[in-house]
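*Asks:* Can you read through this structure? Questions will come right after.
The values are calculated or read from the model by the stated rules, or taken from the named source; none is laboratory data. Quick caveat: nothing in here was measured; it's all calculated off a predicted structure. Cβ placement follows ideal geometry from the backbone for every residue including glycine, while neighbour counts extend to all protein chains displayed. Remember, those area values only see protein heavy atoms, side chains included, never the ligands or the DNA or RNA. Shrake-Rupley method; radii C 1.70, N 1.55, O 1.52, S 1.80 Å.
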Amino acid sequence: MKLKTLLFALICGIAITGLFSCEKAKDLIPGGTLSLQMSDSTYTSNKNLVSGTLLDTLGGYMLVVSGGGQGQQTWLTTVNVFFPEKKLQTGTYSSTVNPMNAIGYVTLPDMTNYSSYNNEASVGNSTIVISKISNTHVEGTFNGLLLNDMDPDLTISVEGGKFDLSITP
């Protein structure tokens with residue numbers, strides 16, 4: 001009889017611990033949202049075409065947020081944030097401080113590429129603000145001037161960018 005009582009108490013303890021230690025349900029749902037404004041148009045990614053990945057690299061973590069969709073053309077956007085010393089923290093991350101903090105934009109199928117980071121001497125400017133972050137979820141905003149990869153004189157301005165999505169390791 002004592003064994004049944006002990007087993008019941010153990011099961012109840014595990015269930016209660018599980019209920020109170022779970023992360024928010026929002027953090028456990030794959031996908032999320034990503035949107036941005038360019039040239040008076042708003043681009044919003046379908047939740048199934050949004051992803052967030054956290055990579056262990058170069059002495060820190062690299063967060064890669066990606067999303068895409070279709071409008072007048074098919075597009076993909078990537079937002080990269082580098083967290084030195086492997087510390088995930090809220091804050092403002094700028095490409096002028098670290099070019100690894102970057103925004104990229106590609107149109108398909110012509111593969112016209114724009115980014116705030118260019119391997120040449122020309123560098124655009126991007127600002128990414130992380131307002132919430134955990135190992136499983138990130139929220140933030142972004143904007144910047146993106147340069148064409150083939151001709152740095154061709155630029156586009158990204159404004160009002162925002163994301164709210166799950167992160168996978």
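*Asks:* Work out, step by step, the length gained on full extension between Leu145 and Gln73: first 0.36 nm times the residue separation, then minus their alpha carbon distance; give nm to one decimal.
*Replies:* On the way: separation 72, 0.36 × 72 = 25.92 nm, distance 2.03 nm.
The Leu145-Gln73 span can extend by a further 23.9 nm.
*Asks:* Percent of accessible area on segment 46-169 owned by carbon and sulfur, 1.4 Å probe?
*Replies:* Numbers: 3290 of 6420 Å².
Ligands and nucleic acids excluded, carbon and sulfur reach 51 percent.
*Asks:* Also, I was wondering about something else. Quick check for me: using +1 on Lys/Arg Cβ and -1 on Asp/Glu Cβ, what's the dipole size of segment 55-169 about its Cα centre, in debye to the nearest 20?
*Replies:* Working: 4 positive and 10 negative charges, 93 e Å.
Dipole size: approximately 440 debye.
*Asks:* Also: Let's test the formula: R0 of 41 Å, r as the Cβ-Cβ distance of Thr90 and Met111. What FRET efficiency results, to the nearest 0.05? List each step's numbers first, then the result.
*Replies:* Values: r = 34 Å, r/R0 = 0.83.
In this case the efficiency is close to 0.75.
*Asks:* Can you give the Kirkwood hydrodynamic radius for segment 65-169, in Å, rounded to one decimal and based on Cα pairs? Show your work: numbers first, answer last.
*Replies:* On the way: mean 1/r = 0.0706 Å⁻¹.
Across segment 65-169, the inverse of the average 1/r is 14.2 Å.
*Asks:* Continuing with the same structure: I need the shape label for segment 129-169. Rule: rounded when a/c is under 1.5, else prolate if a/b > b/c, else oblate, with a, b, c from the alpha carbon gyration tensor. Kindly include the intermediate steps, with their values, before the conclusion.
*Replies:* Working: a/c = 4.44, a/b = 2.36, b/c = 1.88.
Prolate, since a/c reaches 1.5 and a/b exceeds b/c.
*Asks:* Now a separate question. If I model a spin label at Glu159 and Ser134 as a point 7 Å from the Cα along the Cα→Cβ vector, what separation in nanometres do I get?
*Replies:* 3.4 nm
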